[in-house]
Amino acid sequence: MKTILVLNGPNLNLLGTREPQVYGSQNLADVQALCDGACDANGFDLDFRQSNHEGELVDWIHEAGRLHADGTLAGVILNAGAYTHTSVALHDAIKGTGVTLIELHISNVFAREAFRHHSYISPVAKAVMCGFGVNGYALAIAALAAMQTKGA
Ligand code: CA2
């Protein structure tokens, strides 16, 4: 059974504590449980992590690249939080490993402030999802399952 690595960036540990109109009322543990159910339903193991530190996220992308090359990792779902809009380091890490990665945002970033419209992740991501709320995580897991089946 292959693993899906779900990575969450800065401040996502605060999910459910404020801005429910933007991010909903579920917390990160709820999101992990949602991902667990979606991985069970699609025949994946789940590895779910969160960090407020850019370098730690870079290290985890490198680790994912090794596991992807070994054939034990189906792909990465990355909600890089605000690092989406700032991090050349994450861009380079994803590009350098060649890992299959879905960029995910809970909110529709294009309906928000202009500084959220640019992403350093999108050019090196396999696909980009935003605006589906936390249910986007389950949709992204189903999308990775479909990619495995169709070899996309
Ligand atoms: O919509 C998303 O998932 C974002 O990646 C969330 C980031 C934001 O910087 C991106 O532009 C879009 C922010 C995550 C912080 O989330 C919090 C939620 C509730 C309370 C505090 C922080």
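The values are calculated or read from the model by the stated rules, or taken from the named source; none is laboratory data. Since this is a predicted model, take the numbers as computed values, not measurements. Because the Cβ atoms are built from the backbone with ideal geometry, glycine has one as well, and the counts that use them run over all protein chains shown. The protein model used for the area step is the full one, side chains on, heavy atoms only, and it has no ligands, DNA or RNA in it. Shrake-Rupley method; radii C 1.70, N 1.55, O 1.52, S 1.80 Å.
So the values come out like this:
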{"read-out": "Kirkwood hydrodynamic radius of the chain, from inverse mean 1/r over distinct Cα pairs, in Å", "value": "15.3"}
{"read-out": "Residue range of the chain that is longest and free of trypsin sites (Lys or Arg not before Pro) which are both DSSP loop and sparsely packed (at most 14 other C-beta within 10 Å)", "value": "19-111"}
{"read-out": "Thr86 accessible area, 1.4 Å probe, all protein chains in place, Å² to nearest 10", "value": "90"}
{"read-out": "1.4 Å probe accessible area per residue over the chain, in Å²", "value": "47"}
{"read-out": "Protein accessible area in the range 1-114, 1.4 Å probe - carbon and sulfur %", "value": "48"}
{"read-out": "Distance from the range 73-152 to the range 37-59 (C-alpha centre basis), Å", "value": "13"}
